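The values are calculated or read from the model by the stated rules, or taken from the named source; none is laboratory data. The structure presented is a predicted model; accordingly, all values stated were derived computationally and were not measured. Ideal geometry is used to build each Cβ from the backbone, glycine not excepted, and the neighbour counts take in all protein chains shown. The area values use the complete protein model at the heavy-atom level, side chains included, leaving out ligands, DNA and RNA. Shrake-Rupley method; radii C 1.70, N 1.55, O 1.52, S 1.80 Å.
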Amino acid sequence: MAAALQITSEGGQYNGRMTLLLVLSCLMAATGGVLFGYDLGISGGVTSMEPFLKEFFPKVCRKMKEDTKISNYCKFDSQLLTLFTSSLYIAGLIASFFASSVTRAFGRKPSILVGGVAFLAGSALGGAALNIYMLIFGRVLLGVGIGFTNQSVPLYISEMALPRHRGALNIGFEVGVGIGVLVANLTNFETPNSLIQQSINHHQKAKHVLQRIRGTIDVQAELDDLIKASSISKTIEHPFKKIVQRKYRPQFVMSIAIPFFQQVTGINVITFYAPILFRTIGLGESGSLLSAVVIGLVGLASVLISMLVVDKFGRRALFMIGGALMLVSQIVVGGIMAAMLGDQGALSQGCAYLVLILIRIYVTGFSLSWGPLGWLVPSEIYPLEIRSAGQSITVAIGFLLCFLVGQTFLAMLCQMKSGIFFFFGGWVMVMTAFVYFFLPETKNLPIEQMEKVWREHWFWRRFEEEEGD
C-alpha cells in the first residue's frame, strides 16, 4: 500500500484554498454535533428537575425529598433513571455498525440524512411522552440518529478538508453550528472520496467537486491519490475482517483506545450528571442548573480555542496540556470532597465555589483535548479501504463506554463517593502516557498518505516492516 500511495505533491500538500463552499458544507455537517451535544446535556438537566422526576421517576423524587438519612452520594441512585440516560448510547452503538454499511455503499450523505430523520422522530416522541416507555423509546430513536451521524459526519469533514485545515474544520463537529439549517442544500455535495469509491464513472464528477471545494482547477495530484486509494479499497470485501489484520494493527488499536480513553476521562460525570453532582455538594436546583450552563459555555469557548490552534501546534501538544489540566483538577476536587463532604450536610460556600472553579478547569482541559481530538484523530488515520469500518468501531466503542458509564455512574458515586474523582484521574494519567508514547503527530498530512506516520513511528513501524518482509 505504501508504494501505491506515494506522496505526489511537494511537501505532501495538495493545491487549493479555504473556499466558502467548503466552509459552509462542513458547517452544515457539523450541526450533527449540536444535536449530539444537546442530547448529552439535556438528560443531566431534566433528571435534576423535581417536576420531571415527579412525573416520570416518582420514587427518586420521594427519596430525594423525604429520606433525610440517605447519603448525599446516593440520592439519585436509580437503575430506571440511569436507563433513561444510557438507552441512547446502546442504541447508538448498534446503529453505528449499520451506518458503516450505508456509508460504504451509498456515501456519507445518506448516513447523515438517515441520522437526521431518526433525530426528528426521537425528538417528537420524547416531547410528546406521556409515560416512561415513550420517553425511553424516544431516547432510543435519538441514539439511532447519533449512531449514524457520529459515524459519518467526522469522515465527511475530514475528507472534504485540505490537510492544513483538517483539524480546525473537523473540530467544528464538536462545536456544532446552528446556522447549518440555513445552508441545508449544501449537503447535496458528496465527498470526492465517496464519489470515487461508489463508481469508476464518478471520477470526473469527483474532480469537479474537488475543484469547487478547493477553489482551484489544479487538483490532479489529490485526485490521483484518491483514485489509488479507492482502487485498493475496492479489493476489500470484508473491511471488518481486514482491519484486524496485523498490517492495520496501529489503526485497529487506535480505533479502540481513543474512544475508550475519551469516555474514561470522566467527562460524562459532568455531561450527564452535572446538575445532580452540584446538588450533591449542596447547591439548590436553580444554582445547579445555572452552574451547568456556565460549564457548558466554558467548554464551548475551549473547543473554539482548540479549533484555532490544533493545526498550528498539533494534536499531541493539546493532548498533553488537556491531560495535565484534567488530572490536577480531578485530584484536587476528590481531595476537597473527601475531606469536607460527608454523607449528610453540604460543602461550605467557599469550598463549593472552589469545586465549581476546578470543574471548569477540568472541562477546559477536556474541551481543548480529548473532546474534539477524540473525534478528529480517528477520522483522519484510517486508509480508505478500512475507513468506514474503523470509524464504526470508534463510534461503537464510544457508545458502549457511554452506556456503561451512564448506567453505572450513580451507583459508583453512591459506593465510591469522592473516590470517583481519583478513579477517573488515574485513567487520565494512563491515557496521557499512551498518547505520549504511542500516538504519532498527524497534523498537515494528507489523509490518503497517513500511513507515513506509522512507518516512521518508533513502535508501530515494526508492523509495516514485517508486512514488507
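As an exercise, use a Förster radius of 22 Å and the Cβ-Cβ distance of VAL430 and ALA338 to find the FRET efficiency, rounded to the nearest 0.05.
0.55
Hey, can you find the accessible area per residue of the stretch 375-469 for me, probe 1.4 Å, expressed in square angstrom?
35 Å²
For a protection proxy built on the mean count of beta-carbon atoms within 10 angstrom, sort 223-230, 22-29 highest first, please.
Highest-to-lowest ranking by the protection proxy: 22-29, 223-230.
Out of the stretch 414-456, which GluC sites (Glu not before Pro) are coil in DSSP terms and have no more than 15 other C-beta atoms within 10 Å?
Within the stretch 414-456, the qualifying GluC sites (Glu not before Pro) (loop, at most 15 other Cβ atoms within 10 Å) are GLU441, GLU456.
Could you tell me the calculated FRET efficiency between ILE217 and MET18, based on Cβ-Cβ distance and R0 = 22 angstrom, to the nearest 0.05?
Between ILE217 and MET18 the formula returns 0.85.
What FRET efficiency would be calculated for the residue pair PHE97, VAL117, taking the C-beta separation as r and a Förster radius of 25 Å, to the nearest 0.05?
So, using R0 = 25 Å, E works out to roughly 0.85.
Zone of HIS203 (label point 7 Å along Cα→Cβ, backbone N under 19 Å): which residues in the stretch 430-453?
Correct set: 448.
If each residue of separation counts as 0.36 nm, what is the full-extension length gain between PHE106 and GLN245 once their alpha-carbon separation is subtracted?
Working it through step by step, the gained length comes to 47.5 nm.
Using a 7 Å offset from the Cα along the Cα-to-Cβ direction at both VAL253 and VAL293, what is the distance between the two label points in nm, to one decimal?
4.6 nm
Under 23 Å Cα-Cα from LYS207, which lysines qualify once same-chain neighbours fewer than 8 residues away are excluded?
LYS109, LYS228, LYS234
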